[in-house]
Each structure stands twice: as C-alpha cells, then as structure tokens.
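Reviewing the structure listed below.
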Amino acid sequence: MAKNVAQSPLERSGLASFDQRLMAKRCAHEGVLAGAKAAVIASARMLPWAKANLNHTAQALIISTVAGAAYFVVADKTVLKSARRNSFNQAEKPNIIGA
C-alpha cells in the first residue's frame, strides 16, 4: 500500500475521530431507546381501539405499522437533536488536537 495515499476520515485512528465515533454511537443508542419507548406507547394506545374494531389480522398490521412509524420518527428526531446538541458543544470548545 502506498504511503502517500490520503486516509479518509473514517480511517483515521486519532483521538478526535475516536471521540466522534463514540459520540455517534451514544447518539444512536439514545435514538434506539427513545424509539423503542415511543413504539411501546403507541402500541399500547392503539391496542384497545384495534381490539374493539378490527379482526386479528388487521390488528396485527395496524399496530405493527403504528409502532414502526413511531419508532422511526422518534429515533430520527432524537438522533438529530443529539447531533445538534453535540455540534453546539463542539463549537464552544475548539478542537486543539489537530492544531
């Protein structure tokens, strides 16, 4: 492998990139937890209505669709909120490692 080939940002092994990967993993984990909570709450709120008005197949389809939609919407919002918060925190603290 040639020594003069520039490394991509994903291949850097410096402390700054490790910190970014750790922060990204934490943001994703927060999104997963928030999405799972939203899916459970959405399913629990839909279940009584679905049991009263729909057959078993429709219940399964409607509740799984609502849970999936709630999961992805809330997880996405949470990840974006975490990323925004982290970018503001990094703007306040300049990165002196690369200097």
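No lab work stands behind these numbers, since they all come straight from the coordinates. Note that the coordinates shown come from a computational prediction; the quantities given were computed from them, not determined experimentally. All Cβ positions, even for glycine, are placed from backbone atoms using ideal geometry, and neighbour counts span all protein chains on display.
Taken along its three principal axes, the alpha carbon spread of segment 21-90 comes to 52, 16, 12 Å, from the longest extent down to the shortest.
Scalar couplings 3J(HN,Hα) for segment 81-90, obtained by applying the Karplus form with A = 6.51, B = -1.76, C = 1.60 to θ = phi - 60°, are 5, 5, 5, 5, 4, 5, 5, 5, 5, 6 Hz; x denotes Gly and Pro. Based on the Cβ-Cβ distance of SER17 and LYS77, what FRET efficiency does E = 1/(1 + (r/R0)^6) give at R0 = 30 Å, to the nearest 0.05? Once the sixth-power term is evaluated, E becomes 0.70.
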